[in-house]
Structures are given as structure tokens and as C-alpha cells.
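S.K.: Provided herewith is a single structure, encoded as C-alpha cells, for subsequent inquiry.
What follows draws every value from the coordinates through simple rules; no lab data is involved. Bear in mind that the values here come from a model prediction, so they are computed numbers and not experimental data. Here the Cβ positions follow ideal geometry from the backbone for every residue, glycine too, while neighbour counts run over all protein chains shown.
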Amino acid sequence: MSTTASEHIARTFSSRGPLVDLIVRVFREKPLGAAGGTICVAFLFCGIFANLLAPHGANDTNVLNRLAPPSVEYPMGTDHVGRDVLSRILFGAQLSMVVGFAAAALATLVSVVLGVLSGYLKGWPDMIIQRIVDAWMTFPGLVLLIVVISIVGPGLPQIIIILGLQYGIAGSRIVRGAVISVREHMYIHAAQSIGAGTRHILIRHVLPNIMPVVIVLFTTRVGAVILAEAGLSFLGLGVPPPQPTWGGMLAGSGRDYMYVGPWLALAPGLCLAVVVFAVNIFGDALRDLLDPRMRGLR
Amino acid sequence: MQDFVLRRLLALVPTLLFVSIIVFCSIRLIPGDVVDLMLSQNDISTGQDRAQVEAALGLDKPLLIQYFHWLGDACRGDLGRSLWRNTKVTEQLAARLPVTFELGFLALVVALTVAIPIGIYSAIRQDTLGDYAARSFSLVMLAIPGFWLGTLVMVFPAVWWRWAPAIEYTPFFEMPVQNLKHMLVPAILLGLSLSATTMRMTRTMMLDVMRQDYIRTARAKGAGEIRVVIHHALRNGLIPIVTLVGLQAPMLIGGAVIMEQIFVIPGIGLMLLEGVFQRDYPVVSGVFLVVGIGVLVINLIVDLSYGWLDPKVRHT
């Protein structure tokens, strides 16, 4: 018992800082999650440096080389207008990462604001917020997205904002649950009794204590958002062409040529599945380490 | 039980109200855009035409009045007419709902027959090779997007064996075999992607139940392992799965939209997409409302059956 306690103290007061500690723990205790994290970082890297890594431009057409099978010059082949699939995959990674991180960040922010307000204030604000969340969650995510995009029109900023709102509102339930359990702790009552204001309590006492839930929420959202964006692009409602997106590469005019060039159907879907898989197992590992209560969230 | 049903029905009212507000607002909060789009599509843009279109759509009245008009019509079963076909939206819905219902039902059957046995196996053989294989399968299915799976099934059998899934819809009651030939492939794909969550849930539930005292008691009195699993664990472990079916209804409908698009199935998903691309707002809002109410009703049925299955729920 004493060793676990001293280990715990050593861990808590480690000189490396909490983030480095967390990374070390993921690698030490959750090798599968660490592998997922590494894949995510690799894709992030590809996305950030797509301009340098891509052998060709995303929209450089070469009519002489249309539907060329994979070769040394075009490792993933070319599409029906002679664009290099590998380069489009890399630029697609950039877009997926931008959408994934931006929308997941927005979603987490929305979840935290709604969840904290609803969970901490109780009473009628909670009632009203929860009934709206109920109604919102009634709609299938994809149907809601399709309807809203049909009104505001497709485009990168719209997609990020809508996905952020969509997942943010749904996720507020989870934050609310965490806040309700934190709210009843002694230290909150102590802060209230020495006359601390609501804003002070929320920022200094409630927020730091729901951080594990928030971090896990963010990670699981990244995968969900990337999938949702790809689904929208597949239906022709995502980021409009010629901007390459993984979902878009599987849809539209390219579909008719897949029978001639089956490689066109492979790369975008495979990348999508690998990234989402990696994000999911990384998220699972983080959840197990940070907040075991949330097991079975997905 | 009567109290329980009544309470559950009453709780539905505010949610329904907010659902109707979300549907209404999503379509009309930006009315200028809708009218502009309709006008630009028809190459007319004079101020008079604009006023006419607005009046025809009832957009010239204050928002609150519009809402009550729309709500009143919707309550009487009038969801307006399609702007392009001039048919009643409710008639189109009546023709297309059974198609999506069939797809969803088949997918659910596939999902449950795959997920529940594997989930149980995974739980009673925890941390064995089979358990790892089942869990990996469900994680992979969670990551693979349905539209990619659909695309692969369309492309590769055609390239390798010159076989492609049927994409011509025939009503079930006219030609059942033809109909199932068309529906089975998308239903299996949709069911497999749904099974991932159900499998994880079944496993968690069974693991939880298997640690209960009454399982130990059953074993102590000498019941065989199969009897323990089927008679004692399964009956308690499966109750939450019923709730999960309700929770999955939105996912099922979302997945159906994608499958209907890939396999050209004339259900409400395809109707929604056609409405979106043709800017046919009465159609879009009609599908939107029906989907929302549909999910609410499914959840209501699930809640009621849950109360019926589990006496504890009834009395809390």
C-alpha cells in the first residue's frame, strides 16, 4: 500500500509537468492507445506539411496519365483527370485535420459552456437547456447536418461551425453529469461558505475538476467529426470541389471510374478508417487513464 | 403501469414542442435565402415576384404567426406541397416511409443477430483470443464509414466477378424475392456498422451481470454454466440492450440516408437528399419533422417496454 501511495505522490508531484506525464503513462500502460496516438500524430504531420510532402499539386491534371495504376511516379495511381491520388490524399489529410480539430474544439467549448451552466445552476435554466438538448438529440446527426447545410450552403467555415454545434450540444449531457457529481463535493460547499462568487467557483473549482472528462470528450469528438465531414462530402454537401476531401474522393464523378481504376475506391476510405480507428483507440486509452467512470461512452 | 405510461406521455409534450421549433426555425430563420434561391433557380428576380413567392410561402407574416400556422397545419397532417412536383408532402412520405422502415428493420435484425451472441461470447470468455478478436472487430466497424463499405461492395465484386448488387427497387408485396435481393446487401452493411456499438454494450452488460451475487448463488447451487448464462445472466443483461435499440434509432436513420443514396433505394433518406438538392423546402421540413417524431416514438415504445420488462423502472 505504501509503495502505491508513494508512487502516486511521486506521480502527482513529478517535475515533468502533467502533459508529459500523461504521455509517458499512455506509452507505459496503454501500448495500443500509444500506437493510436502515434498514428494520429503522423497524420497530423502529413496534414501540416502536405505542401512539402505531396509530389504533385492537389489539382494538377495530366490528361496523358488519366487512370494510371499505382506506379513509382504515382504511388496511389491517378484519377479520371490524371490527378495524383497520393497528393490529393495528403491535402485531404490537411483538410480532415483542420475540420477535425477545429470542430472538436468548438464542440468541446459548447459542451463545457452548456454543461457547466446546466449542471451548476440547476433549476429552470437546467430544465430549459435539457429540454432543448433532448429535442436536438432526437434528430439523427446526419439528417440535421444535411438540413442545415442545405440552408447555409456548403463551405469549410459552415461545416466547422455546424459540426461543432451538433456535437457540442450532444456532448453537453456528459459535461453536465460530471459537473453535478463535482458540485456536491465538500470543497465546493467550502468555497460557497467563504463567500466565493459563482464565476470564481466555476473557473477555479469546477472546471479543473471536470478536465479529465473534457479531454476525453475532445478526443472522441475528433474521430466523430472527421467521419461526419467525410459523410457530408460523400453526399456532396461538404467542402466543395476542387478542394480534395477524403469523402469527396469517394463520391461524385470519380465513382463512375472506379470500375476501371479500383484503386480510386481504396486509398481515401482506408485513410479515413485508419485515422478514426487510431483516434478511437487513443481516446479509449486516455479515458481509461483519466476517467474510468466514462467506460462504455461510445 | 398506467401512471408510468401517462408520465412518459406527458414528458413527451415539451420535447415535441422543441422539436417542432427546431424544424421550423431551421427552415425559416433565413427566409431571404430560401426565396432568393428559388428565384435565382427560376431566373426571375423582380421585386414583385419576390413578394409573390413570399406570400405564397406565407413568409410575409411575422415569424410567430408563421410558426403557429405551420404547427396548426402539421397537427392536421398537412405538411404542404412539394415546390417541384406539386404533390402533397404527406403522400410522398406515405409512399417512402415503408421502404426506409423495411431497410431499418432488416438492418436491426442483422445487427442484433451478429452483436448479441458475439457480445455474450466475448463477456463469458473475457480476455481470451476470441474476446480480443470480437473487440477488435467492433472497433474496426466503428471506424469504417458506411459509405466506404458500400462503395467497396459496389466496385470490387463488379471488377473481380462481374457481379453487382441490384439497384432497382421493387416493392416487397409485389416481388418479395427481387425486393430482398435489392435490400439485403445495404441492410447487412448497415447492420454490421450498427452491431459494433451493440456488441460493446452487450459485452459490458454481461460482464457486469456475471459479477452479481445471484450469479454466484446460481453457481453455488450447482447450476451448469449454460444454464447460468441463459437463465440468470442473459435475462437481466439483455434489458438495457432494448434501450440501446432506441438510442440507435437516430444512427439507423442516418445510416439509411447513406445506404439509400448508394443503392438507389427510394426511402425517406433519398427523399431528403432530393429535397435538399432541389431546394424543395416543404419536402425537407416534412422529412425532418417526421424523422424527429419517428425517433421520439421509437424511444417512447422502448421506454414503455423497458418499464414492462423491468419492474424497478415502473416504480421509480
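S.K.: Are there chymotrypsin sites (Phe, Trp or Tyr not before Pro) in the stretch B:83-156 that DSSP marks as loop and that have at most 15 other Cβ atoms within 10 Å, and which are they? Walk me through the numbers before you get to the answer.
M.R.: Numbers: sites: B:Trp84, B:Phe101, B:Phe105, B:Tyr121, B:Tyr132, B:Phe137, B:Phe147, B:Trp148; in loops: B:Trp84.
Qualifying residues, ordered by number: B:Trp84.
S.K.: Quote the relative contact order of chain B in percent (integer), defining contacts as alpha-carbon pairs under 8 Å separated by 6+ residues.
M.R.: Details: 311 pairs, mean separation 80.2, N = 316.
Value for chain B: 25 percent.
S.K.: Follow-up question, since we're still on this one. Sort out the exposed loop GluC sites (Glu not before Pro) in chain B (DSSP loop, at most 14 other Cβ within 10 Å) and tell me the longest stretch that has none.
M.R.: Working: sites that count: B:Glu168, B:Glu174.
By the stated rule (loop sites, at most 14 other Cβ atoms within 10 Å), B:1-167.
S.K.: A further question follows. Just A:Asp79, A:Asp126, A:Asp256 to compare: in a GNM of chain A, with alpha carbon springs under 10 Å, which one fluctuates most?
M.R.: Maximum fluctuation in the GNM of chain A, among the listed residues, is at A:Asp256.
S.K.: How big is the stretch B:163-260 along each principal axis, measuring the range of its Cα positions in Å and listing the largest first?
M.R.: Extents along the principal axes: 58, 25, 25 Å.
S.K.: Could you pull out every whole DSSP H run in chain B that spans at least 27 Å of Cα extent along its own axis and averages -1.0 or higher on the Kyte-Doolittle scale?
M.R.: Details: long enough: B:2-28 (39 Å, 1.53); B:89-124 (50 Å, 1.53); B:176-210 (44 Å, 0.69); B:239-262 (34 Å, 1.60); B:281-309 (41 Å, 1.85).
Taking the DSSP H segments of chain B (at least 27 Å long, mean hydropathy at least -1.0), we get B:2-28, B:89-124, B:176-210, B:239-262, B:281-309.
S.K.: Determine the shielding of peptide B:264-273 by partner chains: average, over its residues, the number of Cβ atoms on other chains within 10 angstrom of each Cβ. Kindly include the intermediate steps, with their values, before the conclusion.
M.R.: On the way: counts 0, 0, 0, 0, 1, 5, 0, 0, 5, 5.
The mean count of partner-chain Cβ atoms within 10 Å per residue comes to 2.
S.K.: Follow-up. As a test of the formula, what do you get for chain A when each DSSP H run with n ≥ 4 contributes -39,500 (n - 2.57) and the sum is divided by the residue count, at 222 nm and rounded to the nearest 500 deg cm²/dmol?
M.R.: Numbers: 13 runs with 210 residues, N = 298.
Calculated mean residue ellipticity at 222 nm is -23500 deg cm²/dmol.
S.K.: From the P(r) of chain A, could you give the percentage of C-alpha pairs in the tail past 33 Å?
M.R.: Details: 15552 of 44253 pairs.
Pairs farther apart than 33 Å: 35 percent.
S.K.: When the C-alpha atoms of the stretch B:197-316 are aligned to their principal axes, what extent does each axis show, in angstrom, from largest down?
M.R.: Rounded to whole Å, the extents work out to 67, 34, 17 Å.
S.K.: Sorted from fewest to most neighbouring beta carbons within 10 Å, what does the list B:Ile226, B:Ile124 look like?
M.R.: On the way: B:Ile226 9, B:Ile124 19.
Least crowded to most crowded, the residues run B:Ile226, B:Ile124.
S.K.: In degrees between 0 and 90, to the nearest 10, how far off the longest principal axis of chain A does helix A:18-29 point, with axes built from Cα atoms?
M.R.: For helix A:18-29, the angle is close to 70 degrees.
S.K.: Using Cα-Cα distances under 8 Å and only pairs 6 or more residues apart, what relative contact order does the stretch B:181-291 have, in percent?
M.R.: Numbers: 61 pairs, mean separation 25.3, N = 111.
That works out to 23 percent.
S.K.: While we're on this one: As a check on your grasp of the helix formula, calculate [θ] at 222 nm for chain B: sum -39500 (n - 2.57) over DSSP H runs of n ≥ 4, divide by the residue count, round to the nearest 500.
M.R.: Values: 13 runs with 239 residues, N = 316.
After summing the helix terms and dividing by the residues of chain B, the value is -25500 deg cm²/dmol.
S.K.: Short version: ³J(HN,Hα) in whole Hz for each residue of the stretch A:86-92, in order, from phi by Karplus 6.51 cos²θ - 1.76 cosθ + 1.60 (θ = phi - 60°), x for Gly and Pro, what are they?
M.R.: Per-residue couplings from phi come out as 4, 5, 5, 4, 5, 5, x Hz.
S.K.: For A:Gly238, what residues show an amide H to amide H distance below 5 Å, using hydrogens built from the backbone and excluding near sequence neighbours?
M.R.: Answer set, sorted by chain and number: A:Ser233.
S.K.: Tally Lys and Arg at +1 and Asp and Glu at -1 over the other residues with C-beta under 13 Å from the C-beta of A:Leu235: what net charge comes out? Before the final figure, lay out the partial values.
M.R.: On the way: positive: A:Arg255; negative: A:Glu229, B:Glu260, B:Glu274.
Neighbour charge sum, excluding A:Leu235 itself: -2.
S.K.: Using Cα centres only, tell me the gap between the stretch A:185-256 and the stretch B:145-161 in whole Å.
M.R.: Their Cα centres are 31 Å away from one another.
S.K.: Once you sort the root eigenvalues of the Cα gyration tensor of the protein assembly as shown as a ≥ b ≥ c, which label holds: rounded (a/c under 1.5), prolate (a/b larger than b/c) or oblate (the other case)? Write down the numbers at each step before the final one.
M.R.: Numbers: a/c = 1.32, a/b = 1.17, b/c = 1.13.
The shape class here is rounded.
S.K.: Continuing with the same structure: Evaluate the Kirkwood expression for the hydrodynamic radius of chain B, namely the inverse of the mean inverse distance over all pairs of different C-alpha atoms, and round to one decimal in Å. Walk me through the numbers before you get to the answer.
M.R.: Values: mean 1/r = 0.0441 Å⁻¹.
About 22.7 Å for chain B.
S.K.: Additional query: Considering only A:Arg221, A:Arg287, A:Arg66, give the residue with the highest GNM mean-square fluctuation for chain A, with springs between Cα atoms whenever their separation is below 10 Å.
M.R.: Looking only at A:Arg221, A:Arg287, A:Arg66, the largest GNM fluctuation is found for A:Arg66.
S.K.: Could you check how many percent of all C-alpha pairs in the stretch A:140-298 are farther apart than 25 Å?
M.R.: Details: 5893 of 12561 pairs.
Pairs farther apart than 25 Å: 47 percent.
S.K.: Express the Stokes-Einstein translational diffusion coefficient of the stretch B:87-223 in µm² s⁻¹, to the nearest whole number, given a Kirkwood radius over alpha-carbon pairs, 4 °C and a viscosity of 1.567 mPa s.
M.R.: Details: Rh = 17.6 Å.
In µm²/s, the coefficient is 74.
S.K.: For A:Gly115, what charge total do you get from the other residues with a beta carbon under 9 Å from its beta carbon, if Lys and Arg give +1 and Asp and Glu give -1?
M.R.: Working: positive: A:Arg173, A:Arg176; negative: none.
Neighbour charge sum, excluding A:Gly115 itself: +2.
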